[in-house]
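What follows is a set of notes on a single structure, which appears directly below.
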Ligand code: FPP
Ligand code: MG
């Protein structure tokens with residue numbers, strides 16, 4: 001199993017400095033807002049998006065013959081800014097997502113809405129978004145900020161599209177791929193390309209990193225959706241959350257695509273009961289497991305992982321390229 005610490009190693013000092021950068025920009029006045037911010041910022045998770053920004057900035061900077069000494073890199077302010085913006089947009093989106101999904105936990109800890117009610121959590125998400133935008137504008141790095149900021153609208157489109165399909169229970173493979181692109185892969189893609197933009201890499205590199213991030217992001221979300229069906233996962237979320245939220249994700253789509261019309265009706269009927277009936281959840285979990293839905297979804301995920309690895313393999317060997325390749329393997333193997 002690939003270790004995330006090994007992936008972080010070539011940019012470890014930058015990541016430490018990045019944490020300080022975030023802290024300096026995300027303090028607040030007022031007891032409740034400070035409490036909510038501290039809680040949310042201290043349970044931010046793996047920080048994959050900042051890792052991606054820093055590794056792609058290093059990779060594309062090296063590819064363009066900038067002075068380079070592995071392990072002695074000094075990240076530019078633009079790279080920290082890009083990392084901070086994508087991380088905080090992600091954080092704000094999850095605060096809102098937990099309100100929308102009425103989710104009580106996030107990464108094994110109480111969600112902001114569980115701690116302080118939805119009405120405060122909505123404002124907290126808005127506040128993080130507002131502070132992120134303000135930091136971006138104050139930096140006057142308008143090219144970088146505008147590169148990143150378009151992803152907010154895409155995230156919103158993804159969330160609403162998902163909601164529409166879970167209401168209608170009509171998610172096809174194509175719908176699913178559009179949803180996961182918009183809600184997850186778009187921001188990971190922007191993270192990877194923003195790394196390149198932050199070091200003023202040529203347009204071709206920015207495009208390659210955009211494609212890399214998109215493929216990695218698709219793989220990341222498919223693995224997330226497989227883990228939701230996996231009872232041994234350590235995601236900090238209860239298993240089968242997606243079924244309870246009536247979300248049709250790839251493991252179930254793989255099964256729906258192969259079953260008879262009668263079996264399909266039976267599965268969709270059970271899915272409509274999942275929000276309130278644990279037996280319906282167990283039924284669909286059993287069918288998906290026994291029909292190989294997770295294994296088939298993992299095959300689709302692997303095609304995205306292969307694509308991402310292929311894109312970075314065109315760059316010269318370096319600790320940054322190795323870390324990005326390992327990150328692809330990590331995304332596919334992770335159980336949390
Ligand atoms: C998690 O999905 C949700 C997202 C990745 C995107 C959420 C986006 C919004 C709420 C739009 C608002 C955006 C901003 C910037 C304020 P999930 O519910 O499938 O994942 P989970 O299981 O981790 O909750
Ligand atoms: Mg959710």
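The values are calculated or read from the model by the stated rules, or taken from the named source; none is laboratory data. No experiment lies behind these values; they were computed from the predicted model shown. Counting neighbours? That spans all protein chains shown, and the Cβs are built from the backbone with ideal geometry, glycine included.
Among the numbered conditions (1) part of a helix (DSSP H, G or I); (2) out of contact with any helix residue (DSSP H, G or I) (no Cβ under 7 Å at 6 or more places or on another chain); (3) within 16 Å of ligand 2 (Cβ to nearest atom), the only one that residue 125 does not meet is (2). Across segment 177-209, the number of residues qualifying as over 22 Å from residue 84 (Cβ atoms) and surrounded by fewer than 22 Cβ atoms within 10 Å (Cβ to Cβ) comes to 8.
From the list 132, 154, the one residue that fits, being surrounded by fewer than 18 Cβ atoms within 10 Å (Cβ to Cβ), at negative phi, within 12 Å of ligand 1 (Cβ to nearest atom) and assigned to a helix (DSSP H, G or I), is 154. Put simply, of 118, 93 the only residue that is in a helix (DSSP H, G or I), within 15 Å of ligand 2 (Cβ to nearest atom) and closer than 26 Å to residue 209 by Cβ is 93.
In the condition set (1) closer than 21 Å to residue 155 by Cα; (2) surrounded by fewer than 17 Cβ atoms within 10 Å (Cβ to Cβ), residue 92 is compliant with all but (2). Only residues that are assigned to a loop (DSSP other than H, G, I, E, B) and near ligand 1 (Cβ under 9 Å from one of its atoms): list them for segment 96-109, please. Within segment 96-109, 101, 103, 107 qualify.
Highlighted here are the helices (runs of 4 or more DSSP H) found entirely within segment 198-293 that include at least 3 residues which are modelled with pLDDT of 95 or more and within 20 Å of the chain's Cα centre (by Cα): 203-227.
In segment 157-171, what count of residues is obtained for those that are buried (at least 18 other Cβ atoms within 10 Å of the Cβ) and not in a helix (DSSP H, G or I)? Summing the residues that are buried (at least 18 other Cβ atoms within 10 Å of the Cβ) and not in a helix (DSSP H, G or I) in segment 157-171 gives 1.
Go through the residues of segment 70-90 one by one and say whether even a single one is near ligand 1 (Cβ under 10 Å from one of its atoms), free of Cβ contacts under 8 Å to residues at least 60 places away in the same chain and within 17 Å of the chain's Cα centre (by Cα).
No: segment 70-90 contains no residue that is near ligand 1 (Cβ under 10 Å from one of its atoms), free of Cβ contacts under 8 Å to residues at least 60 places away in the same chain and within 17 Å of the chain's Cα centre (by Cα).
The numbered conditions (1) surrounded by fewer than 22 Cβ atoms within 10 Å (Cβ to Cβ); (2) within 16 Å of ligand 2 (Cβ to nearest atom); (3) under 26 Å from residue 44 (Cα atoms) are all true for residue 231 except (2). Please work out if residue 61 is more than 13 Å from ligand 1 (Cβ to nearest atom), in contact (Cβ under 8 Å) with a residue 24 or more places away in the chain and out of contact with any helix residue (DSSP H, G or I) (no Cβ under 8 Å at 6 or more places or on another chain). Yes, satisfied.
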